[in-house]
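This report concerns only the one structure given below.
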Amino acid sequence: QLQLVESGGGLVQPGGSLRLSCAASGLTLDDYAIGWFRQAPGEERKGVACISRRGGITELDPVKGRFTISSDNAKNTVYLQMNTLKPEDTAVYYCAAVRATRYCSAYVSGYDYWGQGTQVTVSS
């Protein structure tokens, strides 16, 4: 059974850093694209970054240059390193998976499996 579990969220001051983890089971990362999304209250879920074996890495505006996606295939875990956090980064962060190696999608509709989310709050 495929399962994604996010962790690492919390409360951080503006300018601080957090590293989110997405631990995957029931799949092999080499065969799947993994995306990170976030959803703020009252807003739609939006893509943040994604990674796949052949499609490489995509980090989307407005996090480009501040957030970095990476994977540790030995641990079957994908990370989202978030630096220089801003209050507008406050959201529930989700990871998602789809069986694909040639691309990774920035859209919710591009994924089949979702984690339960982890809350990130940036506030002084």
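The values are calculated or read from the model by the stated rules, or taken from the named source; none is laboratory data. Keep in mind that this is a model prediction, so the values were computed, not measured. Cβ atoms come from the backbone with ideal geometry, glycine included; neighbour counts cover every protein chain shown. We work out accessible area using only protein heavy atoms, side chains counted, and drop any ligands, DNA or RNA first. Shrake-Rupley method; radii C 1.70, N 1.55, O 1.52, S 1.80 Å.
Per 0.36 nm of contour for each residue apart, how much would the distance between Q1 and R54 grow if the chain were fully extended, relative to their Cα-Cα spacing?
That pair, Q1 and R54, stretches by 16.6 nm at full extension.
How much accessible area per residue does the chain have, in Å², with a 1.4 Å probe?
51
Whole-Hz ³J(HN,Hα) for each residue in the range 20-32, computed from phi via Karplus 6.51 cos²θ - 1.76 cosθ + 1.60 with θ = phi - 60°, x for glycine and proline: what do you get?
With coefficients 6.51, -1.76 and 1.60, one gets 8, 10, 10, 8, 9, 9, x, 8, 10, 4, 4, 9, 10 Hz.
What is the distance in Å between the Cα centres of the range 87-122 and the range 25-84?
Result: 7 Å between the Cα centres.
Determine which aspartates and glutamates satisfy two conditions relative to K46: a Cα distance under 19 Å, and not lying fewer than 8 residues away in the same chain.
Leaving aside aspartates and glutamates fewer than 8 places away in the same chain, those within reach of K46 are E6, E59, D61, E88, D89, D112.
Given a 1.4 angstrom probe, I'd like the percentage of the accessible area of the chain that is carbon and sulfur, rounded to a whole number.
Roughly 44 percent of what the probe reaches on the chain is carbon or sulfur.
Given a Förster distance of 35 Å, report the FRET efficiency between D30 and T84 from their Cβ-Cβ distance, rounded to the nearest 0.05. Don't skip to the end; give the middle numbers.
Numbers: r = 31 Å, r/R0 = 0.89.
Plugging the Cβ-Cβ distance into 1/(1 + (r/R0)^6) gives 0.65.
Find the relative contact order for the chain and round it to a whole percent, using C-alpha pairs within less than 8 Å whose residues are 6+ positions apart.
Values: 335 pairs, mean separation 45.9, N = 124.
With pairs under 8 Å counted, the relative contact order is 37 percent.
What is the diffusion coefficient of the range 35-124 in µm²/s, taking the Kirkwood radius over Cα pairs and the Stokes-Einstein relation at 37 °C with a viscosity of 0.692 mPa s?
Estimated diffusion coefficient is 245 µm²/s.
Please find, in a Gaussian network model of the chain (springs between Cα atoms separated by less than 10 Å), the residue of T68, T28, T90 whose mean-square fluctuation is greatest.
With Cα springs under 10 Å in the chain, the top fluctuation among T68, T28, T90 is at T28.
Within the range 103-124, name every residue whose backbone N is under 15 Å away from a label modeled 7 Å from Cα of E44 along the Cβ vector.
Of the residues in the range 103-124, 106-111 have backbone N under 15 Å from the label point off E44.
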